[in-house]
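Participant: Provided herewith is a single structure, encoded as structure tokens, for subsequent inquiry.
The values are calculated or read from the model by the stated rules, or taken from the named source; none is laboratory data. This one's a predicted model, so the numbers in the text were calculated from it and none came from an experiment. In this analysis, Cβ positions are derived from the backbone assuming ideal geometry, glycine residues included, and neighbour counts consider all displayed protein chains.
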Amino acid sequence: MKATDQQEIEEAKKAAIEVLQHNAHGPFHGLPRTAGWGYPEPYTRDLMLSVFGIAVYENKKLLESIRKVLETLAKNQTEHGLIPSLVNDKENRGSSDTTPLFLLGVGIFRKVSGEKDFLNDAVQKSLTWMMYQSPSDRYIVAQQPTSDWRDEQWVTGYGLFVNTLVYSYLRLLGKNDEADKMHGAMSRFTITGGTIHHHVHEGLVVKHKPYYALWSYKIYSSERFDLLGNSIAILSGLASPTRAEHIISWIEEECSALREKGELAVDLPPNFFPYIKPEDPDWHPRYAIYNNPGEYHNGGIWPFVCGFYVAALVAAKKYALASEKLVELTHLIKLSNTAKVNFGFNEWIKAQDGKPMGQDWQTWSAALYLYAVKCVEVKGTPFFDEMRLYPNL
């Protein structure tokens with residue numbers, strides 16, 4: 001890595017800490033805000049994902065803000081264990097990823113704080129809730145469309161992202177028997193024959209492709225590529241080292257092809273591709289407003305997702321490529337939409353022209369940048385390294 005690149009990364013790290021400190025106290029009961037100016041609300045999924053970056057730098061003020069978030073979520077947990085979508089609003093429900101993210105966040109906080117029984121009652125309630133999200137009682141969980149972080153995109157049935165979270169928190173909380181069974185369920189092929197037999201259960205492995213399906217349910221599935229879900233599959237050890245190698249090679253080849261076609265302007269992967277286009281059967285009319293090809297969840301470039309990809313490269317021992325992508329990510333987070341700042345940490349970038357389109361000083365953009373930097377620095381992936389020690393069954 002060039003000395004100039006290293007200097008820019010150091011500057012970006014300081015800026016990321018500044019963003020997180022600025023956002024640590026917002027207008028809703030003093031809870032952290034989701035973005036510096038645009039999102040004052042404490043969105044659960046954003047703040048739970050930010051735990052990764054906050055935990056590796058162990059800033060006391062920021063760790064205390066996370067403690068407050070976790071404790072408030074536990075107080076606002078529903079009777080049956082669901083975690084709300086907004087930290088401060090127990091009636092704001094319906095998200096499929098907030099409960100697994102809460103369990104993952106508590107697991108990480110326990111590691112860094114040494115408080116092994118932190119929020120144990122709330123954890124047990126959430127674990128029970130998640131058990132009831134598996135229609136087949138085989139650990140793999142189902143969800144409703146637009147209920148995970150892709151709130152403008154349909155993911156139906158067994159979604160990859162949510163299930164990688166479930167697998168990860170099971171490992172982190174020491175529930176390894178359940179994690180092994182989860183691994184087995186996710187490692188089955190999606191069903192493509194048009195007929196489902198009573199003894200055949202769908203999974204998330206795609207035939208003749210290295211990556212995992214975006215979602216699968218009965219005889220239906222989507223083979224479009226989910227960068228976040230596949231990155232966590234690599235990080236957590238769901239993907240074997242060989243599969244991880246193939247997934248990464250496929251990503252880089254496909255991104256090169258997208259750049260050649262003028263559909264990708266930067267050297268980082270979109271969160272989702274191939275993009276859904278109006279003529280495709282999985283297009284929804286609402287996508288024309290919020291989710292056009294190469295935008296938002298339909299192929300936008302999200303810095304927080306790219307942070308997970310950099311970490312996945314480290315997990316796969318692709319250290320040189322991880323460093324290259326970290327430099328690219330450092331250039332990307334400088335861009336801002338409206339704020340006059342040296343580092344914008346914008347929410348998402350349009351794939352075709354590389355222009356920032358979301359809110360600046362986004363909490364998870366800053367936090368996952370810090371996590372990516374730490375992974376490259378230590379050639380390891382904190383909190384995930386131990387998960388990959390288990391044999392790939």
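Participant: Does P382 satisfy the criteria of being closer than 27 Å to D180 by Cβ, without any contact (Cβ under 8 Å) to a residue 12 or more places away in the chain and either out of contact with any Asp or Glu (no Cβ under 6 Å at 6 or more places or on another chain) or acidic (D, E) (or both)?
Facilitator: In short, no.
Participant: Please go through region 3-60 and pick out each residue that is of a type outside the set (D, E) and free of Cβ contacts under 8 Å to residues at least 24 places away in the same chain.
Facilitator: A3, T4, Q6, Q7, K14, G26, P27, P40, K60
Participant: What number goes with the only condition from (1) modelled with pLDDT of 95 or more; (2) of a type outside the set (K, R); (3) not in a loop (DSSP other than H, G, I, E, B) that I83 does not pass?
Facilitator: So I83 meets the others, but not (3).
Participant: Suppose the filter is assigned to a helix (DSSP H, G or I) and either of a type in the set (D, E) or closer than 22 Å to S96 by Cβ (or both); does E279 pass it?
Facilitator: It is false that E279 is assigned to a helix (DSSP H, G or I) and either of a type in the set (D, E) or closer than 22 Å to S96 by Cβ (or both).
Participant: Also, I was wondering about something else. Might you check whether a residue that is outside any loop (DSSP other than H, G, I, E, B) and among the polar types (S, T, N, Q) occurs anywhere in region 335-357?
Facilitator: For region 335-357, residues outside any loop (DSSP other than H, G, I, E, B) and among the polar types (S, T, N, Q): absent.
Participant: Of all the residues that make up region 61-86, how many are acidic (D, E) and in contact (Cβ under 8 Å) with a residue 40 or more places away in the chain?
Facilitator: Within region 61-86, residues that are acidic (D, E) and in contact (Cβ under 8 Å) with a residue 40 or more places away in the chain number 1.
Participant: Please count how many residues of region 112-156 are outside any helix (DSSP H, G or I), of a type outside the set (A, V, I, L, M, F, W, C) and farther than 25 Å from N291 by Cβ.
Facilitator: 12
Participant: Being in contact (Cβ under 8 Å) with a residue 40 or more places away in the chain, over 18 Å from the mean Cα position of the chain (by Cα) and over 24 Å from C255 (Cα atoms) is true for just one of A339, A351, A367. Which residue is that?
Facilitator: Sole residue among the options that is in contact (Cβ under 8 Å) with a residue 40 or more places away in the chain, over 18 Å from the mean Cα position of the chain (by Cα) and over 24 Å from C255 (Cα atoms): A339.
Participant: If N88 satisfies every condition in (1) under 15 Å from P42 (Cα atoms); (2) loosely packed, with under 15 Cβ neighbours inside 10 Å; (3) of a type outside the set (K, R); (4) touching a Phe, Trp or Tyr at 6+ places or on another chain (Cβ under 6 Å) but one, which is the exception?
Facilitator: Only one criterion is unmet by N88, namely (2).
Participant: Have a look at D137, D148 and point out the one that is acidic (D, E) and either at pLDDT 95 or above or surrounded by 18 or more Cβ atoms within 10 Å (Cβ to Cβ) (or both).
Facilitator: So the residue among D137, D148 that is acidic (D, E) and either at pLDDT 95 or above or surrounded by 18 or more Cβ atoms within 10 Å (Cβ to Cβ) (or both) is D148.
Participant: Determine, yes or no, whether K317 is surrounded by fewer than 24 Cβ atoms within 10 Å (Cβ to Cβ) and assigned to a loop (DSSP other than H, G, I, E, B).
Facilitator: When the stated conditions are applied, K317 passes them.
Participant: Of the conditions (1) under 23 Å from Q153 (Cβ atoms); (2) part of a loop (DSSP other than H, G, I, E, B), S365 clears all except one; give me its number.
Facilitator: Tallying (1) under 23 Å from Q153 (Cβ atoms); (2) part of a loop (DSSP other than H, G, I, E, B), S365 fails exactly one: (2).
Participant: Could you tell me whether region 120-137 includes any residue that is in contact (Cβ under 8 Å) with a residue 40 or more places away in the chain, farther than 30 Å from K60 by Cα and either of a type in the set (A, V, I, L, M) or in contact with an Asp or Glu (Cβ under 8 Å, 6 or more places away or on another chain) (or both)?
Facilitator: The answer is yes; a qualifying residue exists.
Participant: Of all residues in region 169-190, which are small (G, A, S) and either farther than 16 Å from A233 by Cβ or out of contact with any strand residue (DSSP E or B) (no Cβ under 7 Å at 6 or more places or on another chain) (or both)?
Facilitator: Residues satisfying the conditions are G174, A179, G184, A185.
Participant: Could I ask something else about it? Any residue that is under 24 Å from K116 (Cα atoms) and surrounded by 23 or more Cβ atoms within 10 Å (Cβ to Cβ) - is there at least one of those in region 34-44?
Facilitator: yes
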